[in-house]
Structure formats: C-alpha cells, structure tokens
Amino acid sequence: TAKVASDVKLSGASVEARTSLAHVKATQGWDWRGSEQEFLRALALDPRYPTARHWYAMSCLVPMGRLDDALEQIQIAQSLDPVSAIISRDLALVLYYRREFDAALEQCDHTIELNAHFSAGYWALGLVQEQRGDLEEAVAAQQRAVRLSPRSPKMNGALGRALAVSGELREAWRILKNLRTLARERYVSPLDRAEGVVIR
C-alpha cells in the first residue's frame, strides 16, 4: 500500500494511480472507508474511467454490503466499456449477490457471448444455475470453466461443490483431494478448499 501511495504522489492527478491505490486499500488493507475516499477522488478526476467504476463496485461496495450502490457503479462501468467480459461477468455477480437469479443468468449468457473462452463467465453461470436449482446445468457450466482453466483452484472448488450438491460425492471428493495436493505446491485460498465442506 505504501508503494502505491508513493506512486500516487509522484503521478499527481492520475486517475489510474488513484484507482490502483483505492483497490489496494480495499483488497490488501480491508480499509473500506479509505478505499472509498480514493475511488471518489479517482472518479472526480475522470468519471468516465470504467476501471474506477468497476473496482469501486467490486472491491469496495460489494464487501461493504452496499449492493444497490454496487449495481449502479457496475452498470455505469458496463455502459462505458460494453465489450469488457470481466465487467459483464461482475455485473452478473452483483445481480447474483442481490438474489436476482434470472437477471444474473441473462447477464452470464451475455458475458459468454462476448467471450466464449472466458472461464470466469462459466464459473459465474454455474453459481447462478446452482441457486436456480438447475444442478445439471450448474455442473456442466463448472466443467466448462475447469476445461478452460484446469489449474484454477477457484474453478475446481466450484465444480467440486456443484458435484457434491448434485449428489456426485465420489467425484467431488476426488476434486477436494486434488486441491489439497495442489495446496502443497502453490497457494490455494482456504475459501476455494472450503467448497469441499459440503461433501463432509
């Protein structure tokens, strides 16, 4: 955070630097209020910078539970950069967090239309389908995500959960064991491994 803050001082009125500092304050320091102040400063410099809107929504407003504000910011970000698959996916996630599952499903489909090889789009689709009770489609989406990003703990953890919820416990257990093995070689978020608790 100190390095990014120093870069902001050197760069003066740089919207990119302000946005980066805001993002770091949120994701590394969990300083939501400080992060929001920096995001607002960035947006004052350039209200049409989509990354500031995007990161403000996802790294600051969503963790604070301000989902109405997050939806507004991510929708503005999408209007500013309508071909961004990651912004489109994150709009789907905000709708998912708001439990607007039909709208989230439609947004996931739009994300995949933008980029059919974007694994995170299928990951989000699987989460939404699971909540809608369409477990077969949830598993299929997570399998597609894993095929596109086979070494991703997040994708594998989500597939393990979808399989477990679907009753495919043996395959879910195999994925959990693979994640535990992978964790000995590289960092694997406890959250990704926690997906397996559903099969205990």
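The values are calculated or read from the model by the stated rules, or taken from the named source; none is laboratory data. A quick note: this is a predicted structure, and the numbers were derived from the prediction, not measured. FYI the Cβ positions are ideal-geometry reconstructions off the backbone, even for glycines, and counts take in every protein chain you see. For accessibility, only protein heavy atoms count, side chains too; no ligands or nucleic acids. Shrake-Rupley method; radii C 1.70, N 1.55, O 1.52, S 1.80 Å.
Brief remarks follow.
- Test: Ala124 is outside any helix (DSSP H, G or I), open to solvent by less than 50 Å² (accessible area, probe 1.4 Å) and modelled with pLDDT of 95 or more: no
- Any chance Glu171 is buried (at least 21 other Cβ atoms within 10 Å of the Cβ), charged (D, E, K, R) and in a helix (DSSP H, G or I): no
- Boolean, Arg144 is part of a helix (DSSP H, G or I) and farther than 30 Å from Met64 by Cβ: yes
- Any hit, the stretch 134-154, residues being touching a Leu at 6+ places or on another chain (Cβ under 6 Å), farther than 30 Å from Arg184 by Cβ and either at pLDDT 95 or above or surrounded by 23 or more Cβ atoms within 10 Å (Cβ to Cβ) (or both): no
- Note on the stretch 22-48: residues that are crowded, with 20+ Cβ neighbours inside 10 Å and farther than 17 Å from Pro63 by Cβ total 2.
- Candidates Ile76, Ile87, filtered to the one that is aliphatic (A, V, I, L, M) and either open to solvent by less than 30 Å² (accessible area, probe 1.4 Å) or not in a helix (DSSP H, G or I) (or both): Ile87
- Residue within the stretch 180-187 that is free of Cβ contacts under 8 Å to residues at least 12 places away in the same chain, open to solvent by 30 Å² or more (accessible area, probe 1.4 Å) and aromatic (Phe, Trp, Tyr) present: yes
- Scanning the stretch 103-120 for residues that are touching a residue at least 24 places away in the same chain (Cβ under 8 Å) and open to solvent by 50 Å² or more (accessible area, probe 1.4 Å) gives Leu114, Asn115, His117.
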